[in-house]
Structure formats: structure tokens, C-alpha cells
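Okay, so here's the structure we're looking at.
The values are calculated or read from the model by the stated rules, or taken from the named source; none is laboratory data. Given the structure is predicted, the values throughout are model-derived calculations rather than measurements. When we count neighbours, we look across all protein chains shown, and the Cβ atoms used for this are built from the backbone with ideal geometry, even at glycine.
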Amino acid sequence: MTKTTKTMVLVLALAIGSGVVAMPLAEPIARAQEVREIEIVVRGGYQPSRIVVREGERVRLRFVRHEYASCTREVVFPALGIRRELPPHQPVVIELPELAVGEHEFRCGMNMVRGTIVVEPR
Ligand SMILES: [Cu+2]
């Protein structure tokens, strides 16, 4: 490398590093649909225990367990293959996949406390 080439390489490297020469950043892709977040309080049961959503609606459940009773330690969505631990007073967010029209059950690990997600047709 000649001295001039070395200098040019150095200048270019500095320019990139300092952000003077920047690669165009991809624009964040606008979300086609907002996600609806529903909070479910867990205390001797699920509140609300019946959640009605629309077909195709994107839903995220936020479980907040306000108790130490071991019964509700886990939440299970049998048909969806979802099983999550719910530590006390620590929100746990569960992103649901697209659900078919109808009723989808969720329950505690022992199947004592139950809730239902009702998906209504459009
Ligand atoms: Cu239980």
C-alpha cells in the first residue's frame, strides 16, 4: 500500500466509525395490526376468567399472580401446548398464536382453576 492509499483507508475507517458515512437504516416496518393486551389477575382464580376476542385479533395475555398458593403456580393452555410458570407479583406475558373460532381453555397445572378465551367470528 502506498502512503496515500493508507491515508485514504484510515480516513474512510474513521468516517464510518464516527457515523459520518453511515449505511441507511431500514425503516421499522409498521405493524399491520395492533396487539391487544389483556391483563388477567390470578388470585384464587382468573379475573377475568372469560375473555372474548375477535377472529384474527392479535392477543397477548399478561398474567399477574397476586398470591402464593401453589395451585395457580402454573398456567396451561392444553390445546396450544403452552405451559408457563407464574411467579408471585411478577407479570408474565404470553403471546397467543392466531386462534380458531370457538372456545379455548386455560387452567392451572392441576386443572382446578379454569378460564376460557372465546373467539368470535368476524
Ligand atoms: Cu391448581
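Listed by position, the strands (runs of 3 or more DSSP E) enclosed by region 46-122 that each have at least 1 residues that are within 15 Å of the ligand (Cβ to nearest atom) and surrounded by 13 or more Cβ atoms within 10 Å (Cβ to Cβ) are 58-65, 74-77, 82-85, 102-108, 114-120. Close contacts from region 109-120, counting a first residue that is acidic (Asp, Glu) and a second that is at pLDDT 95 or above, with Cβ to Cβ under 9 Å and a gap of 6+ residues or different chains, come to 120/52; 120/53; 120/54; 120/55; 120/101.
A search for C-beta distances below 6 Å between a residue of region 47-69 that is closer than 21 Å to residue 102 by Cα and at pLDDT 95 or above and any residue that is of a type outside the set (A, V, I, L, M) and surrounded by 15 or more Cβ atoms within 10 Å (Cβ to Cβ), counting only pairs 6+ apart in sequence or on different chains, returns 49/115; 50/116.
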